[in-house]
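Working notes for the structure below.
The values are calculated or read from the model by the stated rules, or taken from the named source; none is laboratory data. These figures come from a predicted structure and were not determined experimentally. Neighbour counts run over all protein chains shown; Cβ positions are idealised from the backbone, glycine included. Each accessible area value is taken on the protein alone, full model and side chains, heavy atoms only, with ligands, DNA and RNA left out. Shrake-Rupley method; radii C 1.70, N 1.55, O 1.52, S 1.80 Å.
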Amino acid sequence: MRKISVIELLSNYRLAMLSHVRESSVKNSVKNSVKQVHGMLVKEGSCLVEMKRWFEDITTKVTLRIIAGNAKIEVDDGFRAALKAFFDLGGAFILADAIPFLRWFDFGGYEKEMKKTGKKMDDLLQMWLDEHKRRKFSGEAAGAEKGFMDVMLEILDDGTHEALNFFDADTINKATCLGFIVAGTDTTTRSLTWALALLLNNPHELKKAQEELETHVGGQRQVKESDMKNLVYIQAIIRETMRLHSPIQLLTMRENTEDCILHGYHVPAGTRLFVNLWMLHNDPQIWPDPGEFRPDRFLTTHKDVDLRGKHFDLIPFGSGKRGCAGVSFALQVMEFTLASLIHAFQITTPTGEPIDMTESSGFPTKKVRPLEVLLAPRRPREFYEGLVTDV
Ligand code: HEM
């Protein structure tokens, strides 16, 4: 399944074909906010927007769109509620995880709730899959834009794929798509929320990003995905954000197959190991002033450090055979969304004070505290008029 994901679904070729989907989703959100901002400005002089929800809308829309292609799938509040329940349950503290025999009692009703949420999500994905099959067999899908569900229907259709020795085709298709939704939406939303919060607390860096956008894009048109190669400071902001606040702090578990000696310690085969990203990303010997937000380091001293798992000092997407399958997609969405937001709006905190990012403030932990900001348009109204309204 990883091969299918990496080669067929998240390959550079496929991602290049989907560039218009990413662009239109982001532009649409900017346009909606502009309408809101202009409306509010007339009434109240400013507009308060909750940015976590704003980012979540974009990342969910883009992800669902690449999964469904242009098939009509239903994404209502029921889906959003199930997704939220999924993440809340994933982070819940469950006593039976530590003391397995307590599972019998299901204290707090978590297991029952998990089964209910799992069923709800599976029912929804089955509905989407049925719609994709209907389009395929009716010939409607021919020539239409393909989503991941369509591609997987084609790949699994001849009944010979290796994965079919383990699961039936429908389960593979639904589970892979659900895996992308779960792995891709919350992680990118959290990272974008952190990036914006860091910029608001570091106005000098925000100004540098604005200046870069003025130089390479200007005020006459919108940012395009093809501009991103020139927007190196925005790319550095995302890297520095991932270093400081990687949404995943412990990589998925590894197990060594052979005995080995590590820093003089004997580690027997079969030892389970968690890689602590926070330690790597905050090591003062590698990252001077590790607690500081300094995107500049990625244009100077750490220019050659990338995020794709080759430099072990910075591996927010993991590394190796099980490294993140969606790293390119995630970076494209995050960089373009941040650039479009900064280009279109003047962004400030409601009080003019910095955001309290201390752990005790709860920002932005599991019960993510909202990130409310004041948005004001940076451009005249006509500037926004060419933006899409339909994605
Ligand atoms: C900021 C965004 C993201 C971060 C920080 C992130 C991080 C990670 C990490 C740390 C892993 C485990 C890697 C390892 O253990 O070596 C992982 C796995 C994975 N990610 Fe991401 N991810 C992000 C976005 C995405 C997106 C957008 C997608 C897909 C659309 C995605 C799909 C996957 C998949 C399928 C795996 C499992 C790979 C495997 O087990 O073979 N991720 N991700």
Check your understanding: Would you say residue 318 is within 16 Å of the ligand (Cβ to nearest atom) and at pLDDT below 95?
Key -> no
Exercise for review: Considering each residue of region 298-314, count those that are in contact with a Lys or Arg (Cβ under 9 Å, 6 or more places away or on another chain) and among the hydrophobic types (A, V, I, L, M, F, W, C), and give that number.
Suggested key: 4
Exercise for review: Filter region 163-177 down to residues that are within 14 Å of the ligand (Cβ to nearest atom) and open to solvent by 40 Å² or more (accessible area, probe 1.4 Å), then give me how many there are.
Suggested key: 1
Exercise for review: Of all residues in region 306-337, count the ones that are farther than 25 Å from residue 22 by Cβ and either touching a Cys at 6+ places or on another chain (Cβ under 8 Å) or aliphatic (A, V, I, L, M) (or both).
Suggested key: 0
Check your understanding: So which residues in region 129-143 are of a type in the set (A, V, I, L, M) and either part of a helix (DSSP H, G or I) or under 12 Å from residue 72 (Cα atoms) (or both), if there are any at all?
Key -> 129, 141
**Study point:** Residue list for region 212-271, filter: closer than 21 Å to residue 332 by Cβ and open to solvent by 60 Å² or more (accessible area, probe 1.4 Å)
**Key:** 216, 221, 224, 226, 229, 230, 232, 248
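Among the residues in region 147-164, are any assigned to a helix (DSSP H, G or I), at negative phi and among the polar types (S, T, N, Q)?
no
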Check your understanding: Which residue pairs have Cβ atoms closer than 6 Å, lie 6 or more positions apart in sequence or on different chains, and pair a first residue in region 69-85 that is within 15 Å of residue 136 (Cα to Cα) with a second residue that is outside any loop (DSSP other than H, G, I, E, B) and at pLDDT 85 or above?
Key -> 69/150; 71/131; 71/132; 71/135; 73/128
Point to revise | Subset of region 244-271 [within 17 Å of residue 313 (Cβ to Cβ) and either more than 16 Å from the ligand (Cβ to nearest atom) or touching a His at 6+ places or on another chain (Cβ under 8 Å) (or both)] | key: 244, 246, 263
Practice item. Being within 9 Å of the ligand (Cβ to nearest atom) and open to solvent by 10 Å² or more (accessible area, probe 1.4 Å) is the filter; apply it to region 178-187 and report the residue that is nearest to residue 241 (Cα to Cα). Key: 187
Review point. Just one of 153, 83, 129 is in contact with a His (Cβ under 7 Å, 6 or more places away or on another chain), open to solvent by less than 70 Å² (accessible area, probe 1.4 Å) and not small (Gly, Ala, Ser); which is it?
Key: 153
Review point. Is it true that residue 241 is of a type in the set (Val, Ile, Thr), more than 16 Å from the ligand (Cβ to nearest atom), part of a helix (DSSP H, G or I) and modelled with pLDDT of 95 or more?
Key: no
**Study point:** Selection from region 191-207 of residues that are open to solvent by 60 Å² or more (accessible area, probe 1.4 Å) and either within 10 Å of residue 342 (Cβ to Cβ) or of a type in the set (Lys, Arg) (or both)
**Key:** 207
Check your understanding: Within the bounds of region 108-120, is there any residue that is of a type outside the set (Gly, Ala, Ser) and within 22 Å of residue 329 (Cα to Cα)?
Key -> no
Check your understanding: Residue check: is residue 274 within 16 Å of the ligand (Cβ to nearest atom) and within 30 Å of residue 20 (Cα to Cα)?
Key -> no
Practice item. State which residue is farthest from the chain's Cα centre (by Cα) when the search covers only region 59-82 and only residues that are within 14 Å of the ligand (Cβ to nearest atom) and hydrophobic (A, V, I, L, M, F, W, C). Key: 68
Point to revise | region 322-334, residues that are more than 11 Å from the chain's Cα centre (by Cα) and open to solvent by 30 Å² or more (accessible area, probe 1.4 Å) | key: 322, 324, 325
Practice item. Take residue 294 and decide whether it is more than 6 Å from the ligand (Cβ to nearest atom) and either open to solvent by 30 Å² or more (accessible area, probe 1.4 Å) or of a type in the set (Ser, Thr, Tyr) (or both). Key: yes
